[in-house]
Amino acid sequence: MLNSNPVRLQKTSRPPAARGLLLKMMLGLLMVLSMAASAARTITDIDGQQVTIPDRPQRIVLGESRMLYTLAMLEPDNPFKNIVGWPLDLKKYDQQTWDIFAKQFPQMLTIPSLGIGGTNDMNPEKVMALKPDVVILPSLARYDDADLRLLTLLKAAHIPVVKIDLRVHLLQNTTRSVQIFGDVLNQQARAQAFTRFYDTHMQVIHQRLASYSGPKPRVLLHLHLGRRNECCVTAVKGSLGELLTFAGGDNIASQAVKGVFGRLSEETVIAAQPDVYIATGAGNPGDQNDLLLGPAISPAMVQKSLAELTAKQNGLRELQALHNGHSAVLWQNFYLSPWHVVATEFIAKTLYPERFADVDPEKTLQDLFREFLPIPLSGTFFARGVSD
């Protein structure tokens, strides 16, 4: 006979051990949620914009591959480990450095290309398809419609965009841009180390010239010697022109050119007869149309290139500075690299050899490569011209 008495379910309590386990699980869940919430951080870019980025971004797109000059200082062991896309401006404008890095880090050649030039050549849809955690773009002297469209579409897609300036206002923005780059990469210590190196050398130049009250050498700064037949593209209020002024030069274009870049006519250059002529270039071996400078160029190749290219331009043939040895040449790509601290030292010593007699720009360049870069130093990045 079945028992008709209802079965009574007794209320049981969790044993202390189970309650403790449940509590630990809840605390662990809260910690995970807290960590997820803190896995993003906010940095302020060079334009003063606050940008929220992942704590450790794994997929980074660069708006210029020549940002490698800075990236390699901050991530020397493997600069390319988190780079998922960039344009090929480094290969286009600095084949020599491209080849050196590609030989040492062949994985660099597998990074997806986003165009041949800079940001104005980048397709926004291709950038977004890479699903970047952050896009690092350069601040430019001027923007065209393609640049603005890229920025607008990236922001509309909620892709973090961080701006840095390593090419326009170098004195004001270089160390801050290196620090921003370091913040993105979680390489703050290396960014600070380079900032100390940079500030130490720039401060010597500033202090030596602060006590100088004599006349300043009048200088023609000629950008891209040989690339254009006309004379003479120059820079004044930014880029290498800014470094020339800091190093104590009186830029002969300062009255005629109101912005960062401009052009002087042959007649203006001949009439000015500057005390010093400084040309820039980054031509590769065998290039007949660009001043040869860079890691694959010997000093003899530089002097031959300088003599041949200046002889082709009427305005330059008339300059006494080129005939009496008061001339110099600089690697053009200093203008968008923090390495320009060396170029500034070289300009200062060229203009004021006695005041900077104990300063050795070549040693500074050696120190920079040894302390911060994963590639060996080679070639010629600057030189003094020779007299006839």
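The values are calculated or read from the model by the stated rules, or taken from the named source; none is laboratory data. Everything numeric here is computed off the predicted structure, so don't read it as measured data. Cβ coordinates were reconstructed from backbone atoms using ideal geometry, including for glycine residues, and neighbour counts include every protein chain displayed. Calculation scope for accessible area: heavy atoms of the full protein, side chains included, ligands and nucleic acids excluded. Shrake-Rupley method; radii C 1.70, N 1.55, O 1.52, S 1.80 Å.
The figures follow:
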quantity: Spread of Cα-to-Cα distances over 5 Å intervals beginning at zero, given as percent, for the stretch 166-238; calculated: 3, 12, 13, 16, 17, 14, 13, 9, 3, 0
quantity: Normalised contact order of the stretch 100-181, rounded percent, pairs of Cα under 8 Å and 6 or more residues apart; calculated: 26 percent
quantity: Normalised contact order of the stretch 256-388, rounded percent, pairs of Cα under 8 Å and 6 or more residues apart; calculated: 31 percent
quantity: Computed over the stretch 98-214, the ratio Rg/Rh where both radii use C-alpha atoms and Rh is Kirkwood; calculated: 1.06
quantity: The chain: angle of helix 170-185 to the longest principal axis, Cα-based, in degrees nearest 10; calculated: 30 degrees
quantity: Order by protection proxy (mean Cβ within 10 Å, highest first), peptides 132-140, 342-350; calculated: 342-350, 132-140
quantity: Cα Rg over Rh - the stretch 289-354, Kirkwood; calculated: 0.98
quantity: Subset of 92/258; 81/131; 131/155; 304/349; 163/237 violating a 18 Å alpha-carbon distance limit; calculated: 92/258; 304/349; 163/237
quantity: Extension gain from residue 212 to residue 354, taking 0.36 nm per residue of separation minus the Cα-Cα distance; calculated: 49.9 nm
quantity: For peptides 162-173, 266-277, sequence by mean Cβ density within 10 Å, most packed first; calculated: 162-173, 266-277
quantity: Surface share of carbon and sulfur [accessible, 1.4 angstrom probe, percent] for the stretch 169-325; calculated: 50 percent
quantity: Between the stretch 293-355 and the stretch 130-160, the Cα center-to-center distance that results, in Å; calculated: 35 Å
quantity: Share of alpha-carbon pairs per 20 Å distance bin for the chain, given as whole %; calculated: 25, 49, 15, 5, 3, 1, 0
quantity: Cα-centre dipole for the chain with unit charges at Cβ (Lys and Arg positive, Asp and Glu negative), debye to 20; calculated: 1940 debye
quantity: Amide H contacts of residue 134 (H built 1.01 Å from N, under 5 Å, at least 5 apart or other chain); calculated: 59, 61
quantity: Estimated [θ] at 222 nm from DSSP helical runs (n ≥ 4, -39500 (n - 2.57)) normalised by residues in the chain, nearest 500; calculated: -12500 deg cm²/dmol
quantity: Cα-projected label distance for residue 311 with residue 298, points at 7 Å along beta-carbon direction, nm; calculated: 1.9 nm
quantity: Accessible area per residue in Å² at 1.4 Å probe, computed on the chain; calculated: 48 Å²
quantity: Segment residue 377-residue 40, extension gain: residue separation times 0.36 nm, minus the distance between their alpha carbons; calculated: 117.6 nm
quantity: Solvent-free Debye scattering, log10 I(q)/I(0), computed from the Cα coordinates of the stretch 269-388 at q = 0.11, 0.14 Å⁻¹; calculated: -0.37, -0.60
quantity: Residues residue 78 and residue 128, FRET efficiency given R0 of 25 Å [Cβ-Cβ distance, rounded to 0.05]; calculated: 0.45
quantity: Neighbour-limited loop hits for chymotrypsin sites (Phe, Trp or Tyr not before Pro), the stretch 187-272 (at most 15 other Cβ within 10 Å; DSSP other than H, G, I, E, B); calculated: 212
quantity: Mean Cβ neighbour count within 10 Å, used as a protection proxy, ranking 300-311, 320-331, 97-108 highest first; calculated: 320-331, 300-311, 97-108
quantity: Distance histogram in 10 Å bins (all Cα pairs of the stretch 197-279, percent per bin); calculated: 17, 47, 27, 9, 0
quantity: Long-range HN-HN contacts of residue 222 with modeled amide H, under 5 Å; calculated: 278, 279, 280
quantity: Globularity ratio of the stretch 267-309, using Cα Rg and 2.2 N^0.38 Å; calculated: 1.34
quantity: Cubic angstrom per residue, convex hull over Cα atoms of the stretch 81-123; calculated: 60 Å³
quantity: Accessible area of the stretch 62-127 belonging to carbon and sulfur atoms, whole % at 1.4 Å probe; calculated: 50 percent
